[in-house]
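The structure appears below as structure tokens.
All of the numbers you see were taken from the coordinates with simple rules; none came from a lab. In this text, all values refer to a predicted model and were calculated from it rather than measured experimentally. Cβ atoms come from the backbone with ideal geometry, glycine included; neighbour counts cover every protein chain shown.
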Amino acid sequence: MLKHNKGNQPRNAAAALDKFEPRGALGPIEDRSEYENRLTALPPDQNQLAQESTRLADLCQYFSQQQMDIPPEIVEQIAGLSKLATAERIRALTDINRALMEYLNDVGEDPGIRQ
């Protein structure tokens, strides 16, 4: 009986991981509008956390594309996010995102990110 269960294990594990593949329930979402639709289905605190996390991801992507380093003090704040409760994490993310936008405003003359 043990041998039979072990034989099924890889197949079950593969099926469990399929949900993380593209178009799976937990897979990457390529379409921004589909992503935003999924956000609206979340409870309010999770929705706000997801929105602030998305802003941070967008800012990090911009920094990467511009080949800019994020200031070390902000990197330290980002590293400590996982230790915070949800409400504190949302406040910290809001502050981090604001600090990154102010940093971009201070260092660049390029109006590419300003609206």
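General observations
- Full-stretch length increase - Ala85, Glu34 - with 0.36 nm per residue and alpha-carbon distance subtracted: 15.6 nm
- Using a Förster distance of 22 Å, the FRET efficiency for Glu73-Asn47 (Cβ separation, nearest 0.05): 0.20
- Förster radius 30 Å - calculated FRET efficiency between Thr94 and Phe20 (Cβ-Cβ, nearest 0.05): 0.55
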